[in-house]
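Right, one structure below, let's go through it.
The values are calculated or read from the model by the stated rules, or taken from the named source; none is laboratory data. Only a predicted model underlies this, so the values are computations on that prediction, with no experimental measurement involved. Heads up, the Cβs are rebuilt from the backbone with ideal geometry, glycines too, and the neighbour counts pull from every protein chain shown.
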Amino acid sequence: MAASITRFASTIAAMLEGLVDDETFTPIYEQDLRDGQHRNPTEDPNYFTTAYFHYPQELIDEVLETGFRFEALLAIEGPARITKDFAEHWQRPEIQERILRIVRRVEAEPTLWGVSAHIMAVGTKV
C-alpha cells in the first residue's frame with residue numbers, strides 16, 4: 001500500500017475552512033495545483049509543511065514503476081469529509097452506517113478521487 005495527499009487537498013481545505021481570503025495561504029494552494037509542490041514559507045504549522053501532493057494517476061504510476069501490479073486506488077476521506085455536521089452525524093449509529101455505505105460505494109470511483117485529501121494505492125507483488 002502507498003498513500004499520498006492529493007494535489008487538491010489545500011484548495012478544498014481553503015474552501016472548507018474559510019481560507020479563501022487568506023493572502024498567505026492563497027499562493028500555497030495555487031502552487032499545489034500548479035506543480036504539486038506544497039511549500040510553507042512561514043513558521044505557521046496551520047499551513048502544513050513541505051511536501052509533494054499527487055494527482056491520483058501519479059500514485060498509480062509510482063506503484064507500477066516499482067514493479068507492483070496495481071490493484072486499486074481508494075479515497076481515504078472521499079466525500080465524507082464534506083458532510084455537513086459530520087461529528088454530530090457520526091454519533092448516531094444509523095447515520096454513521098449510512099455515511100459508511102456511501103463511502104464504500106464511491107471510494108474507488110476515479111472521478112471522485114480528487115475530492116479526498118488522501119488516497120491509498122493498493123498493489124501486489126508481481
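Summary table
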read-out: Lone unmet requirement of (1) touching a Phe, Trp or Tyr at 6+ places or on another chain (Cβ under 7 Å); (2) modelled with pLDDT under 95; (3) exposed (fewer than 14 other Cβ atoms within 10 Å of the Cβ) for residue 114; value: (3)
read-out: Test: residue in the stretch 16-24 that is closer than 28 Å to residue 101 by Cα and of a type outside the set (Ser, Thr, Tyr); value: yes
read-out: Subset of the stretch 1-30 (residues that are in contact with a strand residue (DSSP E or B) (Cβ under 9 Å, 6 or more places away or on another chain) and more than 19 Å from residue 118 (Cβ to Cβ)); value: none
read-out: Residues located in the stretch 43-77, provided they are small (Gly, Ala, Ser) and more than 14 Å from residue 121 (Cα to Cα); value: 51
read-out: From the options 81, 98, residue that is within 16 Å of the chain's Cα centre (by Cα), basic (Lys, Arg), part of a helix (DSSP H, G or I) and surrounded by 12 or more Cβ atoms within 10 Å (Cβ to Cβ); value: 81
read-out: Matching option when the condition is of a type in the set (Asp, Glu) and touching a helix residue (DSSP H, G or I) at 6+ places or on another chain (Cβ under 6 Å), among 107, 88; value: 107
